[in-house]
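Chemist: Take this structure first; my questions come after.
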Amino acid sequence: MDSFPDHSLSLCSLNKPITLGKTRLPNRVFYAPLAGCSDFAFRKMNALYKPGLMYCEMVKMDALVRNDYNTFRLLDYSADMHPIGGQICGSKPAIAGQAARIIEELGFDVVDLNCGCPVDKVTKDGSGSGMLRTPQLIGEVISQMVAAVSIPVTVKVRAGWDEESINTVEIAKIAKQAGAKAITVHARTRQQAYHGPANWEYIRAVKEAVPDLVLIGNGDVFSPEAAASIMQTTGCDAILVARGTMGHPWIAQDILQAERGIPVKSRGFEEIRAALYQHFEYTLQHQSVRNAIIDMRRIGCWYFKKASGTRAFREQISRANDADVIKKLILEFPFEEVLEEDPCATDSA
Ligand SMILES: Cc1cc2nc3c(=O)[nH]c(=O)nc-3n(C[C@H](O)[C@H](O)[C@H](O)COP(=O)(O)O)c2cc1C
């Protein structure tokens, strides 16, 4: 499997560089902001497989401008993670410029405005997907960001608050007018949260109505085939992969190679085990041993999602309080035997 259908071979567009403002990105497969997941170690793993751009998880504008230490820690990165984007969340034009400038001064290549987060505690003050209800405010916030920085400003939206208020086209026009260099459309409404499939027609509508704004399509890309399909269905200029990166840091490489007609590498358990080990090593570089161990409970499950036995793995990790014990567990846990016993089992988190 895993090479692209003929029609997409001729397009070969995800492999093409793309320019946002003055920033040139080497390809068009981007990795999404993932709160609580796209941390330093996660991005360090992802950098090995060279996505065209990767975002840090969202940070709050207010926290940035009051110099909150933990917020700055979320934005730690290393040189190999370029091109890298910072994403800010908030709805106050008065501090949006200052927050964007901090992202630029930290050396980020792109700054994004979050208009998609569905969590109540974010939307209740009108931030995140709450901003979908105030499109003009999105324009004001973007204008302040654009005026404050020379790196490209992008915006990430959901299709609308609910199915009765799909307003991506309106927001794309406002964003372009305000100086945004790209818009990412997550093809679900706020009301949908993560339920049900993404409706890529919402992305296509933006391309048709605002063809000269760079459009990044997002939602349900978990394979090279889905990447080809979202490009073909929507005409978007680039794609943003989110959950498809969890435990699959190589998905950009797979997508880009498949598009070039190179068969996708099938990764055996030993290779996945080695990747998890590497991920843990990176986690230890940036976290306390205690937190790294806590993180491993869920990260291990991402990597071994298709194996039964991840529950036992998680339980053993929960009991461990030493990094060497975890390393030994990763190296020796009999995942493959479990898979052979029950190839269809999915007891992952
Ligand atoms: C655990 C988790 C955390 C997320 N955090 C963010 C975030 O910080 N900022 C953001 O814009 N979107 C965030 N998202 C949304 C994703 O970036 C993406 O839009 C969504 O998952 C749809 O893409 P997918 O179908 O490829 O997963 C998050 C999603 C998940 C599952």
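Each reported figure results from applying straightforward, stated rules to the coordinates on display, with no laboratory input. Remember, it's a predicted structure, so these values are computed and weren't measured experimentally. We place every Cβ from the backbone using ideal geometry, glycine too, and count neighbours over all the protein chains shown.
Chemist: So if I place +1 on the C-beta of Lys and Arg and -1 on the C-beta of Asp and Glu, and nothing else carries charge, what would the dipole magnitude of the chain be about its Cα centre? I want it in debye, nearest 20.
Modeler: 800 debye
Chemist: Please report, in whole Å, how far the alpha carbons of the range 236-286 spread along each principal axis, starting with the longest.
Modeler: 37, 24, 15
Chemist: Straight distance only, please: which lysines reach the Cα of LYS60 with their own Cα at less than 20 Å, same-chain residues fewer than 8 apart left out?
Modeler: The qualifying lysines are LYS92, LYS121, LYS124, LYS156.
Chemist: Looking at the range 187-265, which trypsin sites (Lys or Arg not before Pro) are in a loop (DSSP not H, G, I, E or B) and have at most 14 other Cβ atoms within 10 Å?
Modeler: Working: sites: ARG188, ARG190, ARG204, LYS207, ARG243, ARG260, LYS265; in loops: ARG188, ARG190, ARG260, LYS265.
Those that pass, being in a loop and sparsely packed, are ARG260, LYS265.
Chemist: Suppose only helical runs count, i.e. DSSP H with n ≥ 4. What mean residue ellipticity at 222 nm does that imply for the chain under -39500 (n - 2.57) per run, divided by all residues and rounded to the nearest 500 deg cm²/dmol?
Modeler: Computed mean residue ellipticity for the chain: -13000 deg cm²/dmol.
Chemist: Among LEU20, LEU132, LEU137, what is the fewest-to-most ranking by other Cβ atoms within 10 Å?
Modeler: Placing the least packed residue first, the sequence is LEU137, LEU20, LEU132.
Chemist: Between the range 220-241 and the range 289-303, what is the separation of their alpha carbon centroids in Å?
Modeler: If we compute the Cα centre of each part, the gap is 29 Å.
Chemist: Would you please report the Å³ per residue occupied by the convex hull of the alpha carbon atoms in the range 1-125? Kindly include the intermediate steps, with their values, before the conclusion.
Modeler: Values: hull volume 17.9 nm³, N = 125.
So the per-residue Cα hull volume is 143 Å³.
Chemist: Follow-up. If you build the convex hull over the alpha carbons only and average its shadow over all orientations, what do you get for the chain? Give it in nm² to one decimal.
Modeler: Taking the Cα atoms of the chain, their convex hull projects to 16.8 nm² on average.
Chemist: While we're looking at this one, here's another question. Assuming a viscosity of 1.002 mPa s and a temperature of 20 °C, what translational diffusion coefficient in µm² per second does Stokes-Einstein assign to the range 269-341, Rh being the Kirkwood radius over Cα pairs?
Modeler: 178 µm²/s
Chemist: When DSSP assigns beta bridges and you keep just the ones with both residues in the chain, what percent turn out antiparallel, to the nearest 5?
Modeler: The answer is about 10 percent antiparallel.
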